[in-house]
Amino acid sequence: MKKSEIKFIVSLDEKNIPEKIEWMAEDSLNDGLSETKSISLSLWDDKKNNTLRIDLWTKEMKTDEMKRFYIDCLGGLSQSILNSTGDEFMSKETNKLCDKLIEHIENKSD
């Protein structure tokens, strides 16, 4: 069986707030570490029948970037729902929510 490792390195300040997030994957086309401002990782815990989440972002990530990031995450989940379950209704409804959220952030100024 083939195995592939994905690695995250989070540099924290003195208050344990992320200053820098780097990642690498063995099967990635990029060599070495790549930098990112945010990660959102979800894991299914079969024993507890719930989802575990890791959400981290750096000090430099702006609010509008964070909102867009989460809308993009929802859009990706919409496609994953369709691919993994074939449930077109759930996928379409998730996409509708994304459309509403995009409209919200485009029509609202912070």
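Taken together, the values in this text are just the output of simple stated rules run on the coordinates, not laboratory data. Keep in mind that what you see is a predicted model, and the values were worked out from it rather than measured. Please note: Cβ atoms are built from the backbone with ideal geometry, for glycine as well, and neighbour counts cover all protein chains shown.
Annotations for the structure displayed:
- Cross-chain or 6+ apart pairs with Cβ under 8 Å, the stretch 80-108 first and among the acidic types (D, E), then surrounded by 13 or more Cβ atoms within 10 Å (Cβ to Cβ): D87/I81; E88/L82
- Where I81 falls short, out of the listed (1) in contact with a Lys or Arg (Cβ under 9 Å, 6 or more places away or on another chain); (2) closer than 27 Å to D99 by Cα: (1)
- Flag for W23 being surrounded by fewer than 11 Cβ atoms within 10 Å (Cβ to Cβ) and farther than 23 Å from L101 by Cα: no
- Scanning the stretch 45-75 for residues that are hydrophobic (A, V, I, L, M, F, W, C) and touching a Leu at 6+ places or on another chain (Cβ under 8 Å) yields a count of 4.
- Tally of residues being closer than 30 Å to K108 by Cα and loosely packed, with under 13 Cβ neighbours inside 10 Å across the stretch 26-54: 5
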